[in-house]
Amino acid sequence: GAGVSQSPRYKVAKRGQDVALRCDPISGHVSLFWYQQALGQGPEFLTYFQNEAQLDKSGLPSDRFFAERPEGSVSTLKIQRTQQEDSAVYLCASSFSDRRSGNTIYFGEGSWLTVV
Amino acid sequence: GDSVTQMEGPVTLSEEAFLTINCTYTATGYPSLFWYVQYPGEGLQLLLKATKADDKGSNKGFEATYRKETTSFHLEKGSVQVSDSAVYFCALIDPQGAQKLVFGQGTRLTINP
């Protein structure tokens with residue numbers, strides 16, 4: 001597709017349930033990012049991939065959060081044993097190369113997770 | 001660590017009014033600066049950017065100038081339209097540091113006809 005695609009757009013999970021959020025980046029984009037955006041706040045960095053390598057996972061809030069990008073394209077963010085504080089919009093973003101300032105980072109529309 | 005501070009919202013203006021949304025930053029290096037916009041029901045879109053001191057980014061009538069001496073990147077528009085109603089985020093990326101955008105908390109803008 002033309003943009004970053006995320007699914008599902010909306011997910012309601014019961015507390016304790018595992019969830020998986022999918023991201024299809026723009027074709028050919030080397031860099032992929034996951035962000036978490038709580039209601040009324042700016043996005044907070046979770047993790048970064050360059051191709052299939054996860055180069056930075058410093059923003060993952062706990063070991064219940066896991067991300068992968070096994071073939072260097074599609075990525076999945078998995079949250080185990082969801083808690084109410086995990087309720088947020090999860091944003092995926094991609095960019096063409098790993099040059100840090102010169103390339104535009106494109107965002108998907110997000111996956112809205114509500115834990116009840 | 002690096003951080004971005006934006007003016008508190010929400011901001012409500014009448015159509016054709018002048019807009020300023022303040023943004024200041026803290027960074028150890030020389031960051032690149034960005035404004036992103038989030039329209040209702042849509043994803044974040046890059047509005048404009050500036051990569052070095054005194055650069056001016058501009059797009060869709062919006063402008064922002066990278067001011068190193070005041071560590072600021074204020075967003076301005078001379079005459080706003082109802083269609084500019086959205087949430088605006090100031091952000092930075094440190095080219096010498098981690099490969100990640102650091103965002104402000106966002107400013108919700110509503111333009112009334």
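Only the coordinates and a few stated rules stand behind these numbers; no lab work does. Small disclaimer: the values here were computed from a predicted structure and weren't measured. For neighbour counting, all protein chains shown are included, and Cβ atoms are generated from backbone atoms with ideal geometry for every residue, glycine included.
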| said: Quick check: residue separation of residue B:22 and residue B:3 times 0.36 nm, minus the Cα distance between them. What number comes out in nm? | reply: 5.4 nm
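Quote the FRET efficiency, to the nearest 0.05, computed for residue B:12 versus residue A:78 with a Förster distance R0 of 41 Å and r equal to the Cβ-Cβ distance.
Values: r = 40 Å, r/R0 = 0.98.
After rounding, the FRET efficiency stands at 0.50.
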| For the pair residue A:71 and residue A:50, how long in nm is the line joining their label points, each one 7 Å along Cα→Cβ? | 2.3
| Distance (nanometres) between label positions extended 7 Å along Cα→Cβ at residue A:87 and residue B:60 | 3.0
| field | Rounded to whole Hz, the Karplus (6.51, -1.76, 1.60) HN-Hα couplings of region B:77-87, x for glycine and proline | value | 8, x, 8, 7, 10, 4, 5, 7, 4, 4, 9
| field | Taking region B:33-80 and dividing mean pair separation by its residue count, relative contact order in percent (alpha carbons under 8 Å, at least six apart) | value | 25
| How much net charge surrounds residue B:77 when only the other residues with a Cβ under 11 Å from the Cβ of residue B:77 are counted, with Lys and Arg +1 and Asp and Glu -1? | -3
| request: Pick out which of B:99, B:38, B:81 has the largest mean-square fluctuation in a Gaussian network model of chain B, springs linking Cα atoms closer than 10 Å. | output: B:99
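So between residue A:104 and residue A:22, what do we pick up on full extension, going 0.36 nm a residue minus the alpha carbon distance? Intermediate results must be reported in sequence, preceding the final value.
Working: separation 82, 0.36 × 82 = 29.52 nm, distance 2.13 nm.
Using 0.36 nm per residue and subtracting the Cα-Cα distance, I get 27.4 nm.
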| message | With the cut-off at 26 Å, tell me which of the pairs A:14/A:78; A:57/B:56; A:57/B:60; A:78/B:49 have Cα atoms farther apart than that. | response | A:57/B:56; A:57/B:60; A:78/B:49
| request: Taking H placed 1.01 Å from N in the peptide plane, check which residues at least 5 places from residue A:13 or on another chain put their amide H under 5 Å from its amide H. | output: A:114, A:115, A:116
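Residue by residue through A:31-41, how many Cβ atoms from other chains fall within 10 Å of the Cβ on average?
Values: counts 1, 0, 3, 0, 4, 0, 5, 0, 0, 5, 4.
Per residue, the average neighbour count from other chains is 2.
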| request: Give the relative contact order (percent, whole number) for chain B; include only Cα pairs under 8 Å separated by 6+ residues. | output: 37
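Between residue A:2 and residue B:45, what's the calculated FRET efficiency when r is the beta-carbon distance and R0 is 22 Å? Round to 0.05.
Values: r = 13 Å, r/R0 = 0.60.
According to the calculation, E is roughly 0.95.
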| task | Return the sequence-ordered ³J(HN,Hα) values of region A:43-56 in whole Hz as given by the Karplus equation 6.51 cos²θ - 1.76 cosθ + 1.60 applied to θ = phi - 60°, using x for Gly and Pro. | result | x, 10, 4, 10, 7, 9, 10, 10, 6, 8, 8, 8, 8, 8
